[in-house]
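For reference, the structure is listed below as structure tokens.
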Amino acid sequence: MPRGDGLLTHELLPGEKGPQDACGVFGVWAPGDEVAKLTYFGLYALQHRGQESAGIAVSDGSHILVYKDMGLVSQVFTEASLESLKGHVAIGHTRYSTTGASVWENAQPILRSTATGHLALGHNGNLTNTAELVTRLAALSPQSGELPFGDARRATNDSDALTALLAAHPDLSIEAAAMLELPHVRGAFSLVFMDDDALYGARDPQGIRPLVLGRLERGWVLASETAALDIVGASFVREIEPGELIAIDEHGIRSQRFATAEPKGCLFEYVYLARPDTTISGRSVQASRVQIGRQLAEEHPVEADLVIPVPESGRYAAIGYAQQSGIPFAEGLVKNAYVGRTFIQPSQTIRQLGIRLKLNPLREVIAGQRLVVVDDSIVRGNTQRALVRMLREAGAKEVHVRISSPPVKWPCFYGIDFATRAELIANGLTAEEICTSIGADSLGFVALDKLIEATTIPKDHLCRACFDGIYPVPVPPSQESVGKQLLDGIERRVVDSEGVTNVVAGGAADALGRP
């Protein structure tokens, strides 16, 4: 049952929304193993990709049982609940909502009845043609006048529409239905889904969000990141290819192509989203981040006494900056890991303390020092502004901010919930103006080409849309088909001076005048 808890927040500044993580998906086919517990630990490794809700679906061959709730993986599941989930195939999901509100009805996996059994699905990504898919659904059941959303019509996300579409073919198997419908789906989708007997995985033709295959002694695993394979003792086999559908059952593994591969993996995975101990396209995320830091030191050198990271996402770039510059690396900020993901909203008194709720400076380390502070990105600039102020109050002599990504100027429609374009500070200000706005002594962003170089992936195989505005999958001009609350009927939008439609929100035009 839903607990009715409020939204989760995991930002460094209470109430300040930064780039929110994509979702995490996990699937296992392993007769004889405790698949629910394997999925639990797999989701635990993917917790960073979503903290709003978590769920597991398990099949024993004749029934699919789904257990899901709002909260972290460790909050949702107990030993008893996992013991009740018996079967040989399971999928799991940990969610940050990029389409649909953060409510229990939108938690995943999504369960649907079909003409031949049951279907459960977990989705990482965001679709750009949801309205088109809903129209397609309506055409499949014209006589009923109802969209075939099954027993959970209150769900309001693109994943629900996709699940209903796969379940709406009484004359086809789930595998055949997927081969029929997936070519019509646009946007980012890494899917794990299951019927009563088999596990399936699919990845959009651009491969925007990651999905990997692993081998267990008695089965197979699908996961968003290789780190989740490691935690369950699975060996990495390969990545699921863009445009590929994979099926795993008692007959083994089958692979089919529903679309030609046009690789455009998400560049922001290397900057922020993925765990540092994950490997993407053969490249360690940790190694990429260290190299990004080295590039930052070459592009934006400065005379300073210490290099300190903003925990945790700035850590490896800070190490690279220190290595390249010769400036000593130090831990100057302590993060309270247990405050970071809470249902309890801070009072106004606590909110006024700002970033100290989650970060506190080590005064003995930073007092009187010229600091290079390395962070992963700047969205609105409010977090960095509070951070610079806090470091100065703790006695820092100089604060030089270095960012391990280029300026974020464009929103993401493929599974990362950035601020709207009007709210992105880099959309309206130059780097020098941003530096003034946040109160730093200097500010440097890594160049886009240098970031790409650090991944070792060819530029034309990466999605860089949040940095350069080049979207690999067309986005409807009005954005009405990709809004987070499209299916909730919540649409408050305005058109800016450039003719770009945005959700109503505060902009960055007054950033230089903010206190």
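Can you find a residue that is open to solvent by 10 Å² or more (accessible area, probe 1.4 Å), in a strand (DSSP E or B) and farther than 27 Å from L65 by Cβ anywhere in the range 210-227?
no
Identify the residue in the range 60-80 that is more than 28 Å from A247 (Cβ to Cβ) and of a type outside the set (V, I, T) and, among all such residues, is surrounded by the most Cβ atoms within 10 Å (Cβ to Cβ).
Out of the qualifying residues, it is M70.
For the range 279-294, give me the residue count where each residue is under 18 Å from F467 (Cβ atoms) and either touching a Cys at 6+ places or on another chain (Cβ under 7 Å) or open to solvent by 10 Å² or more (accessible area, probe 1.4 Å) (or both).
3
Cβ-Cβ distance below 7 Å, separation of 6 or more or different chains: which pairs start in the range 124-140 with a residue that is free of Cβ contacts under 8 Å to residues at least 40 places away in the same chain and end on one that is open to solvent by 10 Å² or more (accessible area, probe 1.4 Å)?
From residues that are free of Cβ contacts under 8 Å to residues at least 40 places away in the same chain, the pairs are L137/L147; L137/P148; L137/A168; A138/L147; L140/P148; L140/A168.
What pairs can you find where one residue is in the range 448-475 and open to solvent by less than 60 Å² (accessible area, probe 1.4 Å), the other is polar (S, T, N, Q), and their Cβ atoms are less than 6 Å apart, with a gap of 6+ or different chains?
Between residues of the range 448-475 that are open to solvent by less than 60 Å² (accessible area, probe 1.4 Å) and residues that are polar (S, T, N, Q), the close pairs are A454/S288; A454/Q291; T455/S288; I457/S281; P472/Q206; V473/T128; V475/T128.
Taking the residues in the range 455-469 that are outside any helix (DSSP H, G or I) and at pLDDT 95 or above as candidates, determine which candidate is nearest to I378 (Cα to Cα).
Among those residues, the one meeting the criterion is R464.
Examine the range 330-342 for a residue that is more than 21 Å from H48 (Cβ to Cβ) and modelled with pLDDT of 95 or more, and state whether such a residue exists.
Yes: one or more hits.
From the list Y414, Y471, exactly one residue is out of contact with any Gly (no Cβ under 8 Å at 6 or more places or on another chain) and under 28 Å from G187 (Cβ atoms). Which is it?
Y471
Within the range 27-61, can you find the residues that are under 14 Å from the mean Cα position of the chain (by Cα) and in a loop (DSSP other than H, G, I, E, B)?
L46, G50, Q51, E52
Taking the residues in the range 262-278 that are open to solvent by 40 Å² or more (accessible area, probe 1.4 Å) and not in a helix (DSSP H, G or I) as candidates, determine which candidate is farthest from L229 (Cα to Cα).
Looking at residues that are open to solvent by 40 Å² or more (accessible area, probe 1.4 Å) and not in a helix (DSSP H, G or I), I get E262.
Working only within the range 386-400, note down all residues that are of a type in the set (D, E, K, R) and part of a helix (DSSP H, G or I).
Once the filter is applied, which keeps residues that are of a type in the set (D, E, K, R) and part of a helix (DSSP H, G or I), the range 386-400 yields R389, R392, E393.
What's the number of the only condition in (1) crowded, with 23+ Cβ neighbours inside 10 Å; (2) not in a loop (DSSP other than H, G, I, E, B) that G444 fails to meet?
(1)
Which ones in the range 182-203 are over 19 Å from R238 (Cα atoms) and either open to solvent by 10 Å² or more (accessible area, probe 1.4 Å) or of a type in the set (D, E) (or both)?
Hits for the range 182-203 are P183, H184, R186, D195, D196, D197.
Among (1) at pLDDT below 90; (2) under 24 Å from A274 (Cβ atoms), which single condition is G6 missing?
Here G6 meets the rest and fails (2).
Tell me, please, whether a residue that is among the polar types (S, T, N, Q), touching a Ser or Thr at 6+ places or on another chain (Cβ under 8 Å) and either at pLDDT below 90 or open to solvent by 30 Å² or more (accessible area, probe 1.4 Å) (or both) can be found in the range 132-143.
There is no residue in the range 132-143 that is among the polar types (S, T, N, Q), touching a Ser or Thr at 6+ places or on another chain (Cβ under 8 Å) and either at pLDDT below 90 or open to solvent by 30 Å² or more (accessible area, probe 1.4 Å) (or both).
Among what's in the range 279-319 and is touching a helix residue (DSSP H, G or I) at 6+ places or on another chain (Cβ under 6 Å), in a helix (DSSP H, G or I) and of a type outside the set (A, V, I, L, M, F, W, C), pick the residue that is farthest from I452 (Cα to Cα).
Y316
The values are calculated or read from the model by the stated rules, or taken from the named source; none is laboratory data. Worth saying up front: this structure is predicted, and the values here are computed from it rather than measured. Cβ coordinates were reconstructed from backbone atoms using ideal geometry, including for glycine residues, and neighbour counts include every protein chain displayed. The accessibility values were calculated without ligands, DNA or RNA, using every heavy atom of the protein model including side chains. Shrake-Rupley method; radii C 1.70, N 1.55, O 1.52, S 1.80 Å.
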